[in-house]
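Structure first, commentary second.
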Amino acid sequence: TPRVFSGIKPSGGLTLGNYLGAIKRWVDMQSPDMETIYCAVDLHAITVWQDPKGLKGGTREIAAGLLAAGIDPEHSILFNQSQVKEHTELAWIFNCVARVGWMNRMTQFKDKAGKNAEKASLGLYAYPSLMAADILIYHATHVPVGEDQKQHVELTRDIANKFNNDFGVDFFPVTEPVIEGPGTRVMNLRDGTKKMSKSGESDMERINMLDDADTIAKKFKKAKTDPDGIPMDLDGLAGRPEAKNLVDIYSGLSDMTPAEVVAEYAGAGWGTFKPALADLAVAKLAPISDEMKRLMDDPAEIDRKLAQGADKARAIATPILEKTYDIVGLLRG
Ligand code: TYM
């Protein structure tokens, strides 16, 4: 059976980008003929400074968000990364397989480290190697992510191929990124050329999963647009990143295609479209955020679910790590 793995960092709250680009699609991928493994990647979060007091809460918030959105722990394995040591052990092996030149090409490192890369943590630089380990410690075949993670999944394929070649084995699968649908690149509401992110400087740039109805309406109302409104067909969105983004968000939330959204609102002004979009977003997000808040009232229960998920994850990861050590020639007593 195909095995799906994906992860999300507990650094700051969840955004509409995380929801449309990842979480909603993870929920949809749960099916009897697919094994699904979803992870709050706390070890990735600490590649940049995290307040220790906030990190556990952030991890629980991710777990609550995933559960509230419909990840079913009876079907999917849901856990946090640091509880399964095999991830970091395999990451070390991959640090010895991956090449410095490969890491130097990672655009996300360049974006996050900024001009002062010398001051970035070594963990931020090696981040993609741990991500490859997250995926390959389960021999996962499919990785649903947003567009911004594509390069990291491609690097995972390079690492799997090089490992298999170096050791003359056919051990790690070559993983497919799954990047489909209108929600894989949700853009910033104030600048349609930048992605919506939890760390962007202004809160008006993003919709947070925990935003209330008034805040969501206000953010869409103030979202940057041009004077032209909804065009008569999809071609009319060319060169209009902000307009395209709002249509894509509507599409992702409604499960209509962008062409259907444009057809439905053809010629409408923003004064019509934006409130409709806000209503749709509230209708989809409010039940999830209400359930999230309810779950977060009982942190012990979340912790229990994550620990159970970690046990199930370890049962898959341990034999794969043992086999890897054997292939590499590491002596085990
Ligand atoms: P992270 O925590 O930044 O984001 C989690 C997921 O949300 C997607 N996403 C978006 N999708 C569409 N539009 C946006 N504006 C947007 N912002 C975020 C991301 O693409 C991602 O799918 N490195 C990963 C976490 C990770 C991982 C893994 C993912 C660690 N190990 C193994 C897959 C497999 C990250 O930082 O995601």
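Computed from the coordinates by the stated procedures, all read-outs in this text should not be read as laboratory data. Please read all numbers here as calculations on a predicted model, not as lab measurements. When we count neighbours, we look across all protein chains shown, and the Cβ atoms used for this are built from the backbone with ideal geometry, even at glycine.
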* To do: Under 11 Å from the Cβ of residue 301, count the other residues' Cβ atoms, weight Lys and Arg +1, Asp and Glu -1, and hand me the total.
  => +1
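By how many nm would the segment from residue 304 to residue 31 lengthen if fully extended, with 0.36 nm per residue of separation less the alpha-carbon distance?
Working: separation 273, 0.36 × 273 = 98.28 nm, distance 2.39 nm.
Between residue 304 and residue 31, full extension yields an extra 95.9 nm.
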* Backbone N within region 123-161 under 14 Å of label point (7 Å from residue 193 Cα along the Cβ vector) -> none
* Asked: In debye, nearest 20: dipole of the chain around its Cα centre with unit charges on the Cβ of K, R (+) and D, E (-)?
  -> 1000 debye
* Over 25 Å between C-alpha atoms is what I'm after, so list which of 221/284; 110/219; 53/112 land there. => 110/219
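At 222 nm, what helix-only mean residue ellipticity would the chain give, in deg cm²/dmol to the nearest 500, using -39500 (n - 2.57) for each DSSP H run of four or more?
Values: 13 runs with 172 residues, N = 333.
Value at 222 nm, helices only: -16500 deg cm²/dmol.
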* Asked: Which FRET efficiency value, to the nearest 0.05, is calculated for residue 111 and residue 238 with the Förster distance at 35 angstrom and r the Cβ-Cβ distance?
  -> 0.85
* For the peptides 321-332, 137-148, what is the packing order when you average, over each peptide's residues, the other Cβ atoms within 10 Å and list the highest mean first? -> 137-148, 321-332
* Structure fact -> So, over other residues within a Cβ distance under 11 Å of residue 7, counting Lys, Arg +1 and Asp, Glu -1, the net charge is -1
* Asked: Taking the Cα atoms only, what angle lies between the long axis of helix 241-254 and the longest principal axis of the chain, rounded to 10 degrees?
  -> 80 degrees
* Does region 232-333 come out rounded, prolate or oblate, given a ≥ b ≥ c as the square roots of the eigenvalues of its C-alpha gyration tensor, rounded meaning a/c under 1.5 and, failing that, prolate meaning a/b above b/c? -> oblate
